[in-house]
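The values are calculated or read from the model by the stated rules, or taken from the named source; none is laboratory data. Given the structure is predicted, the values throughout are model-derived calculations rather than measurements. Reconstructed Cβ throughout: ideal geometry from the backbone, glycine too, with neighbour counts over all protein chains shown. Each accessible area value is taken on the protein alone, full model and side chains, heavy atoms only, with ligands, DNA and RNA left out. Shrake-Rupley method; radii C 1.70, N 1.55, O 1.52, S 1.80 Å.
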Amino acid sequence: METQILEPTAGGEFAPTTTYLNTSSCGLLPRRTVRAVAALAQELADGRPGGAGDFSAVTAARESFARLAGVPHERVAVGGSVSVHVGLIAASLPPGSEVLFPEGEYASVITPFTVRGDLKTRFAPLEGLADAVRPGTALVAFSSVQSADGRVADMAAVRAAAAAHGARTLLDASQSAGWQPLAAGDWDYTVTGGFKFLLCPRGVSFLTVTEDAQEALPPLHAGTFAAERLWETTYGPIEETATSARRYDEPPAFLSYHGAEQSLALLEEIGIDAVLAHDTALARLFRAGLVELGHEPVPADSAIVAVPGLGHRARELAGSGILLSERAGNLRASFHLYNSPADVERVLDRLAGRGSAVG
């Protein structure tokens, strides 16, 4: 397979002052996104006639994410955090329902189910998740790419196993959307935090719900934005919630969504296939360099690279202007649009005891 490594691209949208390899924690904001947020903040300081922000920006972000996720925009709800979306799904399950997770799954995917106290939860190794689905499993909840180490789930196998046993599926795409193609319509539910590879400000997240799954998901936190006819039901109870997934909208954080509109548009302009080629090529280059240094990264064809036992070096590297993260004892690097082969060389040099702080 031919690999493609691009120099940092996107028309000068990024100019990091560090060697930034920590998108799995938080992505960098494009310049256009910063301008949009700053413009709205200034308007709010001046006294903005239109109030807190434009709902048109929320609509644009919803529609842009829908195109990136391969679903109609009517299947997308907007919100502020993955855990709220997951909590809505957890609240919809009947008592005694069995939910299956991978071992080591991210807490926001698990905890909304476990805090109920009346659900059955079960865990299996990620590699054996599909085999662990059984009659009586109500929901399989997992991340497409694991936060701790970048491993990529066998999504086709899980989807087939869930269908065979009548289980619904919940996919967390927070560590993959933005660099890996997302077919959200293949899953009953998807949740995605926007502040990682989607390059949005914090306060942006997306929930997708199939039409069939929507029948079993009550809009428990329905507010003004959940009305079928926006702005016509401002006072008193909403008599008709939206027929689309918008019924699950949280009130949007307008500063964040004014930025999200710009970030998602940038990803659409570049194209996810190009991002996939760029990010994974850099990750492969880093993996090869790690092996030459005698380290064994966690096997995965992913934009995220984890090295067991080296997590303690994250602080030292940060002192040299190289930002990675420590997760579950791993040194975790994640590559995105603003990275280049020079970044790979710099971190490898520091791990080998060569070189100095970033210039």
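Placing +1 on each Lys and Arg Cβ and -1 on each Asp and Glu Cβ, with no other charges, gives segment 33-269 a dipole about its Cα centre of roughly 340 debye.
For the pair segment 66-120 and segment 239-297, the centres of their Cα atoms are 19 angstrom apart.
For segment 33-269, the solvent-accessible area of protein heavy atoms averages 40 Å² per residue (probe radius 1.4 Å; ligands and nucleic acids excluded). Oblate is the label for segment 159-259, because the ratio a/c of its alpha-carbon gyration tensor axes (a ≥ b ≥ c) is 1.5 or higher and a/b is not greater than b/c. For Ser56 and Thr18, the difference between the fully extended length at 0.36 nm per residue and the C-alpha to C-alpha distance is 10.2 nm. Taking the charge dipole of segment 33-269 about its Cα centre, with +1 at Lys and Arg Cβ atoms and -1 at Asp and Glu Cβ atoms, the residue from Ser147, Thr210, Gly80 reaching farthest to the positive side is Ser147.
In segment 235-288, one over the average inverse separation of all distinct C-alpha pairs is 15.0 Å, which is the Kirkwood hydrodynamic radius. Distance between the pseudo-spin-label points of Thr241 and Ala91 (7 Å out from Cα toward the beta carbon): 0.9 nm. Where in segment 88-109 is the amide nitrogen less than 13 Å from a point lying 7 Å along the Cα-to-Cβ axis of Asp131? Of the residues in segment 88-109, none has backbone N under 13 Å from the label point off Asp131.
Solvent-accessible surface of segment 295-359, taken per residue with a 1.4 Å probe and all protein chains present: 41 Å².
Can you give me the % of accessible surface on segment 261-359 that is carbon or sulfur? Probe 1.4 Å, all protein chains present, nothing else counted. Ligands and nucleic acids excluded, carbon and sulfur reach 50 percent. Rg and Dmax, both from the Cα atoms of the chain and both in Å, are 21.0, 67.
From the helices alone, meaning DSSP H stretches of at least four residues, give me the mean residue ellipticity at 222 nm for the chain, per-run term -39500 (n - 2.57), in deg cm²/dmol to the nearest 500. My calculation for the chain gives -10500 deg cm²/dmol from helical runs alone. The local environment of Phe254, defined by Cβ-Cβ distances under 11 Å, has a net charge of -2 under the rule Lys, Arg +1 and Asp, Glu -1.
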